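Worksheet for the structure shown next.
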Amino acid sequence: MDLIHSFFNMVAVPFTVFWLCLIVPPYAFFKLCSSALGSLFKEDLAGKAVIITGASSGIGEHVAYEYARKGACLVLVARRENSLREVADNARQIGSPDVITVCADVARHDDCSRVIHDTMSHFGRLDHLVNNAGVTHANFLEEVPNMVEMRPIMDVNFWGAVYMTRLAVPYLRSTRGKIAVVSSAAAWLPIPRHTFYNASKAALVALFETLRVELGQDIAITIVTPGWVESEMTQGKFMMPGGEMQVDQELRDVQVSAFPVLSVHRCAEAIVNSVARGDRYLTEPAWFRTTYFWKVFCPEILEWIYHFMFLSSPGGSSKETPSKKILDFTGAKKLFYPDTILTHEVKTE
């Protein structure tokens with residue numbers, strides 16, 4: 001057995017390089033043609049029943065508006081009832097023929113079951129599921145006094161998508177529907193202070209890539225990996241070590257630094273168009289895809305950059321990092337951050 005593994009150790013790399021050189025050019029051409037056809041023959045979303053979790057703000061809210069513009073019927077899911085009603089009213093005015101709201105916590109299986117039940121009772125069908133609900137944090141592992149208090153990050157970000165997907169699959173299969181899951185570029189980027197968030201988003205990618213194999217052609221899956229996008233997170237809303245949600249814009253400046261933040265409208269528009277085309281993956285902004293290659297080909301350099309940028313000098317404040325100093329010195333905040341990030345009041349309930 002050891003001889004077999006020794007043989008594969010010798011031939012695996014050259015064999016792989018050979019086949020990649022042979023296969024990649026025609027495969028790239030095929031993908032280009034497939035993308036062009038998808039753009040020409042996008043799915044007509046008028047009248048389709050769509051569940052959107054985390055729909056009370058940020059990406060989820062604006063994905064709802066994009067579906068509404070295309071005439072889809074919406075099921076808006078989140079914990080904040082008043083915010084949901086506002087989004088529902090806006091969606092109706094934009095063009096959605098029918099909108100219902102379900103106040104629910106996707107971290108609870110019973111709540112997810114109620115979402116599906118209400119959807120089928122009202123619309124009698126389900127065509128798209130958008131798993132968008134998520135929370136984040138901004139603290140080091142050693143700063144967490146009780147690890148159990150950080151469980152909601154995995155419960156909402158990962159298990160919420162698991163519950164919703166498992167319950168929705170039978171109905172999506174009957175309509176040959178689609179699933180969109182909002183993961184993050186953080187799935188491959190080792191950004192400090194986002195330990196649990198990064199892990200939850202990486203778990204989503206692994207889960208839905210596996211489901212894509214298991215479900216085959218019955219249900220199409222689009223995995224979305226946004227970079228920095230206008231949202232409550234980029235407004236500074238984080239889960240703190242004690243488990244409570246707080247707004248800390250100084251800490252936001254440390255984490256986002258001088259990276260340009262994409263408008264949520266543009267991101268949402270790209271997501272809905274990508275799902276309608278049947279794309280397998282979407283990264284917004286598109287240039288953020290290059291960070292994946294940094295991770296694959298030079299991980300040590302990427303890790304050194306993050307360590308230098310986001311960790312303060314010994315004895316210094318956790319908010320006196322090079323990342324924040326660069327932002328303050330260059331004045332890039334006014335140029336790279338949308339106005340809503342700087343002025344919008346974030347709800348913490």
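The values are calculated or read from the model by the stated rules, or taken from the named source; none is laboratory data. From a predicted model like this one, the values you see are computed outputs, not experimental measurements. Note that each Cβ is placed from the backbone with ideal geometry, even for glycine, and that neighbours are counted across all protein chains shown. The protein model used for the area step is the full one, side chains on, heavy atoms only, and it has no ligands, DNA or RNA in it. Shrake-Rupley method; radii C 1.70, N 1.55, O 1.52, S 1.80 Å.
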Checklist outcome for this item: Within region 244-272, residues under 25 Å from VAL205 (Cα atoms) and either more than 19 Å from the chain's Cα centre (by Cα) or open to solvent by 30 Å² or more (accessible area, probe 1.4 Å) (or both) come out as PHE259, PRO260, SER263, HIS265, ARG266, GLU269
Checklist entry - Just checking, which of PHE297, PHE310 is aromatic (Phe, Trp, Tyr) and touching a residue at least 60 places away in the same chain (Cβ under 8 Å)? => result PHE310
Item to check | Failed item, numbered, when ARG173 is tested on (1) in contact (Cβ under 8 Å) with a residue 24 or more places away in the chain; (2) farther than 29 Å from VAL247 by Cβ; (3) open to solvent by less than 50 Å² (accessible area, probe 1.4 Å) | outcome: (3)
Checklist entry - Exactly one of (1) within 19 Å of GLY177 (Cα to Cα); (2) touching a helix residue (DSSP H, G or I) at 6+ places or on another chain (Cβ under 7 Å) is unmet by VAL261. Its number? => result (1)
Next on the checklist: Pairs needed: first member in region 91-108, among the hydroxyl-bearing types (Ser, Thr, Tyr); second member anywhere, outside any strand (DSSP E or B) and surrounded by fewer than 16 Cβ atoms within 10 Å (Cβ to Cβ); C-beta distance under 6 Å; at least 6 residues apart or different chains.
Outcome noted: none
Next on the checklist: Take the conditions modelled with pLDDT under 90, of a type outside the set (Lys, Arg) and crowded, with 20+ Cβ neighbours inside 10 Å and apply them to SER200. Does it pass?
Outcome noted: no
